[in-house]
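Each value in this text was obtained by applying a stated rule to the coordinates, not by laboratory testing. Treat the numbers as computed from the prediction; the structure is a model and nothing was measured. Note: ideal-geometry Cβ built from the backbone for every residue, glycine included; neighbour counts use all protein chains shown.
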Amino acid sequence: MSHTVLVCDDAIFMRTMISDILGQAGFDVVGEAETGTQAVEKYRQLKPDLVTMDIVMPDMGGIDAVREIVKHDPDAKILMCSAMGQQALVVEAIQAGAKDFVVKPFQPSRVLEAVQRVLG
Amino acid sequence: MDLSQYAELFLAESREHLSACNQLLLEWERNPAAAEPVGGLFRAVHTIKGMAATMGYGRIADLAHRLENLLDNLRRGGTAPADETIQLLFRATDALEKAVGLAVAGREREVDLAILADIDRAAQQSKPAPQPSALARHFTESAEVPEPQGLPTALAASVASGAGRIFQVTIRPEAPLKCARAMLIVKKAQ
């Protein structure tokens, strides 16, 4: 059975591209969230094998969403999607429990490598 | 990966964010003491930066990045912006809108970046007093590769007695965010 994924990003553009990259590699994107609050809710509903998490989102940001999800499920596998220049935020996300990170602009091969590390 | 299939989506979503920027700027102009507009502006410009970089539009990503720096300073500074700053932000939003249109039409080279000097100057002037980040206390990043050094005596002794292990880790020079990568490695080793 293929791994299930929840894709969290406030931009439809980014969600579409990440979903395409993962979908084409055989993953099953079961849900999308555009705010941190939605991410936490959908994680509880869907129990995905993997979450991709943007850092800057309206409402609740990605780092707080990681904290909430990990509180609920310490084994959650969360991959941060960051932009250049966000090192301090990525470190904070890792401290909060994120398992790995990729940096925009995304190269499909790098995204898939990171996903394998997180799931492996 | 064929990026052209995402160009329309990029254009539509960028325009949506730019129109939100104009709304937020009008709101900020009416009420410069309000704290919300700058947060919304920062997020919108940040999103455009990420999308543009992904599309390979380097000039737009650069413009958005420098604008994001200015907005971040204004956000952290927390003081009401001068009218001059608001007008600059309106002009920067226009410049970004033009740049987005040109890039999607395959004419990114024509993007006019003259406004960058003004943006950088405003960013410099609005820079809040520096505070040592939590990150800086943990790690320092150096351009030079340090010479391998002998192990401290206590560590060497614990390794010799079998109580410890040594990992040698190499991070590729081109790897982004090396401190964050180092932190993951330390976490994994524990």
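Using a simple spin-label model with pseudo-atoms 7 Å out from Cα toward Cβ, residue B:31 and residue A:24 lie 4.6 nm apart.
For peptide B:178-188, how many partner chain Cβ atoms fall within 10 Å of a residue's Cβ, on average?
Counting other chains' Cβ atoms within 10 Å and averaging over B:178-188 gives 4.
Suppose a student asked you for the relative contact order of chain B, using Cα pairs under 8 Å spaced at least 6 residues apart; what percent would you report?
Averaging sequence separation for qualifying contacts and normalising by length gives 19 percent for chain B.
Let's test the formula: R0 of 22 Å, r as the Cβ-Cβ distance of residue B:90 and residue B:15. What FRET efficiency results, to the nearest 0.05?
Calculated value: 0.85.
Using a simple charge model, +1 on the beta-carbon of Lys and Arg, -1 on the beta-carbon of Asp and Glu, nothing else, what dipole does chain A show about its Cα centre, in debye to the nearest 20? Once rounded to the nearest 20, the dipole reads 260 debye. Packing-based ranking of B:76-83, A:104-111 yields A:104-111, B:76-83, ordered from highest to lowest mean Cβ neighbour count within 10 Å. So what is the relative contact order for chain A, in percent, with contacts set as C-alpha pairs under 8 Å and at least six apart? For chain A, the relative contact order is 22 percent.
Here each label is just a point 7 Å from Cα along the line to Cβ, and for residue A:73 and residue B:113 those points are 4.3 nm apart.
With 27 Å as the limit on Cα-Cα distance, the pairs of B:127/B:188; B:127/B:187; A:47/A:99 that go past it are B:127/B:188; B:127/B:187.
Along its principal axes, segment A:4-119 has C-alpha extents of 33, 31, 25 angstrom, given from the largest down. Legend: mean number of C-beta atoms from other chains within 10 angstrom of residue C-beta atoms, peptide B:62-69, equals 1. Descending by average beta-carbon neighbour count within 10 Å, the peptides A:9-21, B:18-30 line up as A:9-21, B:18-30, the highest first. Magnitude of the charge dipole for the protein assembly as shown, about its Cα centre and with charges confined to Cβ atoms of Lys, Arg (+1) and Asp, Glu (-1), is about 1020 debye. Rounded to the nearest 500, the helix-only mean residue ellipticity at 222 nm of chain B stands at -21000 deg cm²/dmol, with each DSSP H run of n ≥ 4 adding -39,500 (n - 2.57). The mean number of Cβ atoms from other chains found within 10 Å of a Cβ in peptide A:50-57 is 2, as a whole number.
Model label sites at residue B:161 and residue B:125, defined 7 Å from Cα along the beta-carbon direction, differ in position by 6.3 nm.
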